[in-house]
1. Limited to the stretch 81-102, what total is found for residues that are open to solvent by less than 80 Å² (accessible area, probe 1.4 Å) and part of a loop (DSSP other than H, G, I, E, B)?
2. Which ones in the stretch 1-49 are open to solvent by 80 Å² or more (accessible area, probe 1.4 Å), more than 26 Å from TYR85 (Cβ to Cβ) and in contact with a Leu (Cβ under 8 Å, 6 or more places away or on another chain)?
3. From the residues in the stretch 55-80 that are out of contact with any helix residue (DSSP H, G or I) (no Cβ under 9 Å at 6 or more places or on another chain) and assigned to a loop (DSSP other than H, G, I, E, B), which one is surrounded by the fewest Cβ atoms within 10 Å (Cβ to Cβ)?
4. Please go through (1) of a type outside the set (Ser, Thr, Tyr); (2) open to solvent by less than 50 Å² (accessible area, probe 1.4 Å); (3) not in a helix (DSSP H, G or I) for PHE52 and return the number of the only condition it doesn't satisfy.
Amino acid sequence: MSYPIDDTEQLIANAEEELPPSTRSRLIAKLRKGMHIDDAARELGVSPQRVFSAARILSHFGEQLDATLTAERDPDLPHGTVTGYNKRCRCPQCRASVNRRI
């Protein structure tokens, strides 16, 4: 999706304000300790939807989030499937499987 420069800058500024660097760092730390993203986000006072929205806008954070979710995912789940997503996996492959169905 293409936005005029002013809109893009505003989207980035809003994402930075809603999920500042300190919150993003604390979220990643919680994920690395094995906490589920839904629980970690809520503990930090943000919704999981807000986290993923910010990850789409703030590309470096999005890459870091996806790498962490991939590294910490349960190896016993069938990743890249709706089943994996339904079992609470939010790795990039499981999220993509759900998005393909919509």
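1. Number of matching residues: 4.
2. Passing the criteria: only TYR3.
3. Among residues in the stretch 55-80 that are out of contact with any helix residue (DSSP H, G or I) (no Cβ under 9 Å at 6 or more places or on another chain) and assigned to a loop (DSSP other than H, G, I, E, B), the one surrounded by the fewest Cβ atoms within 10 Å (Cβ to Cβ) is PRO75.
4. That leaves (3) as the condition not met.
Residue-by-condition table, conditions (1) without any contact (Cβ under 8 Å) to a residue 40 or more places away in the chain; (2) at negative phi; (3) under 10 Å from the mean Cα position of the chain (by Cα):
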| residue | (1), (2), (3) |
| --- | --- |
| SER22 | yes, yes, no |
| ILE37 | no, yes, yes |
| ALA40 | yes, yes, no |
| GLU43 | yes, yes, no |
| SER47 | yes, yes, no |
| ALA55 | yes, yes, yes |
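The values are calculated or read from the model by the stated rules, or taken from the named source; none is laboratory data. Bear in mind the structure is a predicted one, so any value in this text is a computation, not a measurement. Neighbour counts are summed over all protein chains in view; Cβ atoms, including those assigned to glycine, are modelled from backbone coordinates with ideal geometry. The protein model used for the area step is the full one, side chains on, heavy atoms only, and it has no ligands, DNA or RNA in it. Shrake-Rupley method; radii C 1.70, N 1.55, O 1.52, S 1.80 Å.
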